[in-house]
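The structure appears below as C-alpha cells.
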Amino acid sequence: MKTPYLFSGLSSPTSTSSRRRPGSRSLGWGESLFENHVFHQPRDLDPGLRRGDEPEKQLNPINRYKTPWVLILFFSCFLLLRFHAFAENKMEQDATKMVSLQDVLKIAQKQNPAIKAAQKRWEAEMESISPSRSFPDPVLTFVTYKEELQTRAGPLEKKYGISQKFPFPGKRKIKGKVAKEKARMAEEAYKSKSLKVFSQVTNAYYELFYIDQSIRVNQQLADQIRHFARVAERKYATGSQTQSSVFRAQVELAKILNDLITLKQKRISALARLNSFLNRPTREPLAPEKPTHLTFDDKAEDLIKVAKKYRPEILAANALLGKSEAATSLAVRQYFPDLTVGYEISKIGSGNTNTTFDGKDAEAFRFQVNVPIWFNQMNSQYREAKAMRASSEALLMDWTNRTMFEVEDLTVKMETATRLIKLFKDTVLPQAEQALKSSQSGYEADRVRFLDLLDSIRTLLQFELEYYRYEANFGQAKAELERVMGIPLSEAKKLN
C-alpha cells in the first residue's frame, strides 16, 4: 500500500519515479523540488560529481542569502529594545530629577499668567500718565453759508477758525498726579501678585516635598515589616511564635501599602497644583529638594518696621491715599473756569461795493470762559473726593494693623518650627531609632513581643512624618512671611 502525500514534489522513501532522468536521484524525505531545481548546481563544482556527492563545504543557496537578513533583523530588534530601555530609564530619571526652589520661582516669574496680567496692567497705567497732563485737542472750525450774507465789505462767503482750551492753572498737573498714583497702585499690585504667586508656589513645592518624604518613609517601613513578617513565619514554623504575629504583620503591611496608594494619589494632585502655577502640563515631572537653612532668630519688632516700609499692600494704600488727596484738590479747582482762545477769519467777496473795504477778509480773536454755576454737581464731586480720602486713610490703617498681626503670627510659627526641627533631629528621632533597633534585636532573640516591635515601628513612622511636616511648615511659613514683608528675609536682616 502506498503512503499518500500532500505535495507532488515529495516521494516516498520506498517508491521510485518511472520518469526519473539518468543520473538524477530521488528526493529525500522532506526535500522539495524548489530546493533542487530552482537553484542550479554551482559552476565551480566538479562536473564529475553527482548531486548527492556535493562537498559539505558547498553552502545551500537559500542559507547563503538568508543568513545576513537574520543577523540584520536580530541586531535591529536588539537596538530597538536597548532604545526602549534607555527611554524608560530617561523617563524615570526625569521623574526623579531634583529641582531647586529658586529654579521653580524663576519659572513662575516668567510663565505665570496672573503675574503677566498684573504686569501688563501696570504698563497700561504707566502709558496713561502723559495723556492725562496734555492739553485738550484744538478745535478747527469751517463754516459755509447756504446764502451769502451781505456786509459793508461785501458778501460773507466762508469762515475758518481754530480754538484751544486752556484748563485752569494746576488742573493738568493734578490730573497727572492722579494718573501717576494710579500707576503706582498698579505697580504695587503687580508686586503683590508676584509675591502671592511665589508664596503659593513655595507652599505647593514644600507640600510635594512632604508627600515625597512620606512615600519614602512608608516604603522603608514596608520593607522592614516584610522582613519581620518572614521572621515571624519562620518562628511560627519552628513553634516559637503564634500565628497571630504573622497575621498582625500582614495586616500592618497592608495598612502601609494602602497609605502608599493614598499618598501617591495625593502626589499627583500636589504636582498638578504646582505645575498649574508654573503654566506647565499637570503631569510634568518634578522632584523638590530638601529645605535648607532651617534656622530663624529674627525679632518680630524689627520685621514689622521693615514690613511697614516695603509691603506692597501698604504702599498701594499709600498710593491710593495720594490719589484721593489729588482728586480732592482737583474737585476744588472745578469751581474755577477754563479759558478757550480762538482765531477766526471770514472770507468776503469783492466787487459788490465801492468802499475801500471791498473784498477785505475779516479777522477776529475769540476768548471764552465756562461759567461753573452747577454747584450741586461740583459739591457732590468734592464730597466724593473727601469720602475717598477718608476711606484710603482707613484702608492704610487696616493694612498696617493686619501686617503687624501677620508678622507676629508667622514669626511665632517659624520659631516654633525651628525648635521642633532641632528637637526631633537631635533627640526624638535618634531615640526612636534606637528604640526600634532594640526591639528588633529583642524580637529576634525572643525577648520582645511582636506587638511591641510593631509599636516601635509605628512610633518611628509617626515621628519621621512629623519631622518632615515641620520642615515643610518652616519653608511655607518663611515664604508667607516674605510675602507679608515684601522683601526676602536675607535683605531684611541687612536693613536691621
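Read the figures in this text as sums done on the coordinates, not as results from a lab. Source: prediction; values computed, not measured. Quick reminder, even Gly has a Cβ in these numbers, built from the backbone with ideal geometry, and neighbours come from all protein chains shown.
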Could you state the number of Å between the C-alpha centres of the range 309-345 and the range 433-484? 63 Å
Figure the gain on full extension for Tyr145 and Lys386 (residue separation times 0.36 nm, minus the Cα-Cα span) and round it to one decimal in nm. 81.7 nm
With the cut-off at 23 Å, tell me which of the pairs Lys425/Lys494; Lys290/Lys413; Lys106/Lys478; Lys110/Lys196 have Cα atoms farther apart than that. Lys425/Lys494
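Work out the FRET efficiency for Ile373 and Lys120 from their Cβ-Cβ distance, taking R0 = 56 Å, and round it to the nearest 0.05.
0.85
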By Cβ neighbour count within 10 Å, fewest first, Ile261, Ile314, Ile225, Ile129 rank Ile261, Ile129, Ile314, Ile225
At what distance in nm do the modelled label points of Glu363 and Leu260 sit from each other, each positioned 7 Å from its Cα along Cα→Cβ? 9.8 nm
Table column - 3J(HN,Hα) (Hz), the range 427-442, Karplus curve with 6.51, -1.76, 1.60, x for Gly and Pro: 10, 5, 5, x, 5, 5, 5, 5, 5, 5, 4, 5, 5, 4, 5, x
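Can you give the FRET efficiency for Ser269 and Ile487, using 1/(1 + (r/R0)^6), R0 = 35 Å, r = Cβ-Cβ distance, to the nearest 0.05?
Working: r = 32 Å, r/R0 = 0.91.
The calculated FRET efficiency here is 0.65.
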